[in-house]
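Read the structure below first, then the notes.
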Amino acid sequence: MPFVPAPNIIQIEMRAVRNGAQVENRIMYDMLAPVTPTNLQDVAIAAWNWWENDYADFLSASVNLKEVVCTDLTVHEGAQYTYAPDTTTVGGIVGLALPNEAAFCVSLRTGHRGRSARGRFYTLSVVFDQMADDNFLEPTAAENFRASVGRLMVNLTAEGGLPVIVSYITNNAPRPGGPVYFPITNVTVVDNEIDSMKSRKPGVGM
């Protein structure tokens, strides 16, 4: 879809590589005021630090974080900041993992109903040791992912803004007046089933 301005919103992209394929996690963040270059830098560093010191503990060592890119979505040519302090930040679990396209979904909820008011955060890897059987994640592993994403929300809120769901569409049509922001109030797990993300297959990329 063509670019639609989202005033005060920072798009956070945590970009990594796994087995030659580009993979990423993305979060929208309402700065609650006009975005400054300092905001972009601070939010990028907070996201990188969370990935390196928390989220990585539950990911395969085959996942290599490359950069965190923060973009001001207020205008089409909004400012952007890239944080890439090293090339050696990888997941913390050594061992066999499921294929790239296997992912576990953490649900991002708001105080509103409907699909446009909730989001999904798909993990960047699943390790065999995290599985309960062929199709479902072990409950402790599921809780580890849920709690880690919850801590990301806390860390980002500490930067002065709010993690949000940015809704551009309602009833299959663009929202009149522009996008609506729904603050994320809860991080939960709906089920422990493993999902498939075909765009993450090696050679396909994002």
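The values are calculated or read from the model by the stated rules, or taken from the named source; none is laboratory data. This is a predicted model, so every value here is computed, not measured. Positions of Cβ are backbone-derived with ideal geometry, glycine not excepted, and every protein chain shown enters the neighbour counts.
Annotations for the structure displayed:
- Restricting attention to the range 32-63 and to residues that are in a loop (DSSP other than H, G, I, E, B) and hydroxyl-bearing (Ser, Thr, Tyr), the residue that is nearest to residue 101 (Cα to Cα) turns out to be 62.
- Qualifying positions in the range 164-179 - hydrophobic (A, V, I, L, M, F, W, C), surrounded by fewer than 17 Cβ atoms within 10 Å (Cβ to Cβ) and touching a strand residue (DSSP E or B) at 6+ places or on another chain (Cβ under 8 Å): none
- Within the range 18-37, residues that are touching a residue at least 40 places away in the same chain (Cβ under 8 Å) and among the aromatic types (Phe, Trp, Tyr) reach partners that are buried (at least 17 other Cβ atoms within 10 Å of the Cβ) and assigned to a strand (DSSP E or B) with beta carbons closer than 6 Å, at six or more positions or on different chains, in the pairs 29/10; 29/12; 29/163.
- Per-region count, the range 177-205, residues within 21 Å of residue 29 (Cα to Cα), at pLDDT below 95 and not in a strand (DSSP E or B): 3
- The number of residues in the range 131-163 being in contact with an Asp or Glu (Cβ under 6 Å, 6 or more places away or on another chain), farther than 26 Å from residue 8 by Cβ and crowded, with 20+ Cβ neighbours inside 10 Å comes to 1.
- If the condition is being among the small types (Gly, Ala, Ser), under 20 Å from residue 122 (Cβ atoms) and out of contact with any helix residue (DSSP H, G or I) (no Cβ under 6 Å at 6 or more places or on another chain), then the range 66-100 contributes only 97.
- Among the residues making up the range 159-176, those that are within 16 Å of residue 32 (Cα to Cα) and assigned to a loop (DSSP other than H, G, I, E, B) are 159, 160, 161.
- Set 89, 123: member being within 20 Å of the chain's Cα centre (by Cα) and under 26 Å from residue 31 (Cβ atoms): 89
- When 20, 95 are checked against the criterion of being loosely packed, with under 15 Cβ neighbours inside 10 Å, small (Gly, Ala, Ser) and under 29 Å from residue 143 (Cβ atoms), a single residue qualifies: 95.
- From 154, 126, residue being of a type in the set (A, V, I, L, M) and free of Cβ contacts under 8 Å to residues at least 12 places away in the same chain: 154
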